[in-house]
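The values are calculated or read from the model by the stated rules, or taken from the named source; none is laboratory data. Source: prediction; values computed, not measured. Please note: Cβ atoms are built from the backbone with ideal geometry, for glycine as well, and neighbour counts cover all protein chains shown. Side chains included, ligands, DNA and RNA excluded: accessible areas come from the protein's heavy atoms. Shrake-Rupley method; radii C 1.70, N 1.55, O 1.52, S 1.80 Å.
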Amino acid sequence: MKTVTINNQVVPAIGIGTWHMGDDPAIEKQEINAIRAGLNAGAKVIDTAEMYGSGAVETLVGKAIQGYDRDHLYLISKVLPNNIAKTIEDHLDDSLKRLGTDYVDLYLYHWRGGAPLIETVTELERMQIKGKIKAWGVSNFDIDDMTELWDLPIGNKVAANEDLYNLGSRGIEYSLLGWQTDHNVPMIAYSPVGNADSLGANMTGNANVLKVAAAHNATAYQIILAWAIHRPQVLAIPKTAQPEHMTDNVAAMDITLSKAELALLDVAFPAPTRKLPLDIL
Ligand SMILES: NC(=O)c1ccc[n+]([C@@H]2O[C@H](COP(=O)([O-])OP(=O)(O)OC[C@H]3O[C@@H](n4cnc5c(N)ncnc54)[C@H](OP(=O)(O)O)[C@@H]3O)[C@@H](O)[C@H]2O)c1
């Protein structure tokens, strides 16, 4: 099983995404079952945000984790960008209430807003010192944002960056991913299956992906996920509302791709040869 270490916490390299869960109350039970199927299959990380369903998804996650040992979960939530960093604690308190916990393991600044970065990270650091979060990080940051952050007085306490990354969207490999590896900042890959290929890469129908999948007796989704986490310190957080898909997704962290298979996937989806704009969903 592949793992990632975030702020000294070792977690399995596939976690559970939750965006757009809670959209349809008729399938709430199924979504809760899907999250539980992921936890029961060995996942620990659940990625959510105050933005998702305007809090409804945090409430759903809170229901799903009832009965699980909090110490064995790794909860990520995110604060919306704002112009006044001092409001972060109120947003965090609301998230904690919805999640039914007294801390989140990793609290991310969802994307850069108007408040000066130093004020925002100072406030995040204060939340960590207060014990309401175990670590803080950022999301949708590109290389310029990361280097700017790193140069701030407490910037190097950033525990992770969460960006869009999948086989069909490899732009961050040009400079950002290497920078994060060098600075030991884990990458949390969102939309790791390209939002079920809705982003247009057609990974799941690609002949090379299907060939590698056949060799592992795996699905195309599993190969795409195994690829997403094949580099050190990359965690993938696929979302699925289907318990069977969830079990398959989590099992992908046991698939190791050979050099030849990685090369075959590179042919179909080449690494970037120049800096590309950061993909954002
Ligand atoms: N930080 C940010 O700004 C940001 C932005 C976007 C997303 N995220 C996070 O990243 C998570 C994942 O990203 P995402 O939701 O955009 O996209 P994703 O995980 O790449 O794709 C989700 C889609 O793939 C389908 N799917 C997943 N596993 C499958 C499988 N094994 N077989 C068939 N279909 C499968 C799901 O459908 P079914 O439900 O029908 O299985 C769903 O439609 C989000 O949920 C969220 O937690 C963060």
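Applying the selection to segment 91-120, what residues are within 18 Å of G131 (Cβ to Cβ) and outside any loop (DSSP other than H, G, I, E, B)?
Once the filter is applied, which keeps residues that are within 18 Å of G131 (Cβ to Cβ) and outside any loop (DSSP other than H, G, I, E, B), segment 91-120 yields H91, L92, D93, D94, S95, L96, K97, L99, V104, L106, Y107, L108.
Is it true that some residue in segment 204-224 is within 14 Å of the ligand (Cβ to nearest atom), open to solvent by less than 70 Å² (accessible area, probe 1.4 Å), in contact (Cβ under 8 Å) with a residue 60 or more places away in the chain and among the hydrophobic types (A, V, I, L, M, F, W, C)?
Within segment 204-224, not a single residue is within 14 Å of the ligand (Cβ to nearest atom), open to solvent by less than 70 Å² (accessible area, probe 1.4 Å), in contact (Cβ under 8 Å) with a residue 60 or more places away in the chain and among the hydrophobic types (A, V, I, L, M, F, W, C).
Can you tell me which of I188, I280, I237 is touching a residue at least 40 places away in the same chain (Cβ under 8 Å), over 19 Å from A13 (Cβ atoms) and touching a strand residue (DSSP E or B) at 6+ places or on another chain (Cβ under 7 Å)?
None of the others qualify; the one that does is I280.
How about segment 84-118: which of its residues are at pLDDT 95 or above, surrounded by fewer than 21 Cβ atoms within 10 Å (Cβ to Cβ), more than 20 Å from F141 (Cα to Cα) and not acidic (D, E)?
Within segment 84-118, H91, L96, K97, R98, G100, T101, Y103 qualify.
Please find, within segment 10-44, the residue that is nearest to the ligand (Cβ to nearest atom) out of those that are in contact with a Leu (Cβ under 9 Å, 6 or more places away or on another chain) and free of Cβ contacts under 8 Å to residues at least 40 places away in the same chain.
Taking the candidates together, the pick is G22.
Restricting attention to segment 235-281, which residues are open to solvent by 40 Å² or more (accessible area, probe 1.4 Å), modelled with pLDDT of 95 or more and within 16 Å of the ligand (Cβ to nearest atom)?
Selection gives K239, Q242, E244, H245, T247, D248, A251, D254.
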